[in-house]
Amino acid sequence: MMASSSISNPEANSNRARESKLKKRRKIGIQNHIEEEFKTRWKTASEQQIYSLKLIEALRQSRRSSYVPVAGTAIRETADRVLAVRARGKTRWSRAILTSRLSHNKKHKKVKAKVTGDTRTKKPVAKKRLPVLQRKVRVLGRLVPGCRKLSFPNLLEEATDYIAALEMQVRAMTALAGILTGAESLAAPSDRLGSNLS
């Protein structure tokens with residue numbers, strides 16, 4: 001019955017075929033757009049400038065909120081958090097960085113395991129060695145935040161985006177460090193001049 005109705009209505013079949021082609025084109029267009037966005041996302045000067053401004057503002061706020069000078073780890077965490085916010089949660093690594101900030105605020109209690117019996121009599125269990133590629137994939141999964149249990153193609157996409165983001169972060173922080181050292185060297189002679197006058 002179904003086969004005869006689809007044969008008898010060729011117009012409906014052609015409409016379905018057109019709709020499926022349009023869906024495929026849209027899907028391919030969306031994928032191409034996402035790939036192009038990933039290729040250029042962290043490489044533009046405007047993206048670096050926006051990130052630098054947001055980083056400066058975040059560092060100022062963290063400095064105002066604490067009475068002690070901002071330490072190196074706090075600067076790195078702030079820079080990573082601003083980078084994750086700039087990614088707008090579109091990637092797994094950015095979501096992992098943003099959620100890790102929340103989990104660090106909660107205190108975790110470590111429970112010690114009880115040791116019973118004599119542990120010296122037990123023989124060590126031989127570990128099964130993984131193939132070289134699998135070990136490298138596992139290491140890469142540990143390096144990219146939130147990507148330990150991803151499939152290999154997804155891990156490569158996340159790692160590519162994360163590396164590009166980190167490269168932009170390094171460029172921005174190098175430029176900021178250059179500006180700050182230039183400001184310090186300009187301020188130093190005037191300080192010396194003022195101390196000589198008094």
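The values are calculated or read from the model by the stated rules, or taken from the named source; none is laboratory data. As the structure is a prediction and not an experimental result, all values here were calculated from the model. Using ideal geometry, Cβ is built from the backbone for each residue, glycine included, and neighbour counts are taken over all protein chains shown.
Yes or no, residue by residue, for (1) over 16 Å from L83 (Cα atoms); (2) at pLDDT 90 or above; (3) in contact with a Gly (Cβ under 6 Å, 6 or more places away or on another chain); (4) not in a helix (DSSP H, G or I):
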residue: N154; (1), (2), (3), (4): yes, yes, no, no
residue: E158; (1), (2), (3), (4): no, yes, no, no
residue: D161; (1), (2), (3), (4): no, yes, no, no
residue: E167; (1), (2), (3), (4): no, yes, no, no
residue: T174; (1), (2), (3), (4): no, yes, no, no
residue: L186; (1), (2), (3), (4): yes, no, no, no
residue: P189; (1), (2), (3), (4): yes, no, no, no
residue: S195; (1), (2), (3), (4): yes, no, no, no
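Tell me, which residue of region 47-105 that is of a type in the set (S, T, N, Q) and either outside any helix (DSSP H, G or I) or exposed (fewer than 12 other Cβ atoms within 10 Å of the Cβ) (or both) is modelled with the highest pLDDT? Before you say what the answer is, go through the steps one by one.
Just the residues of region 47-105 that are of a type in the set (S, T, N, Q), to begin with: 48-49, 52, 61-62, 65-66, 73, 78, 91, 94, 99-100, 103, 105.
With either outside any helix (DSSP H, G or I) or exposed (fewer than 12 other Cβ atoms within 10 Å of the Cβ) (or both) added as a condition, the list becomes 61, 65-66, 73, 91, 103, 105.
Numbers: Q61: 86, S65: 70, S66: 63, T73: 81, T91: 91, S103: 59, N105: 51.
Within region 47-105, the match that is modelled with the highest pLDDT is T91.
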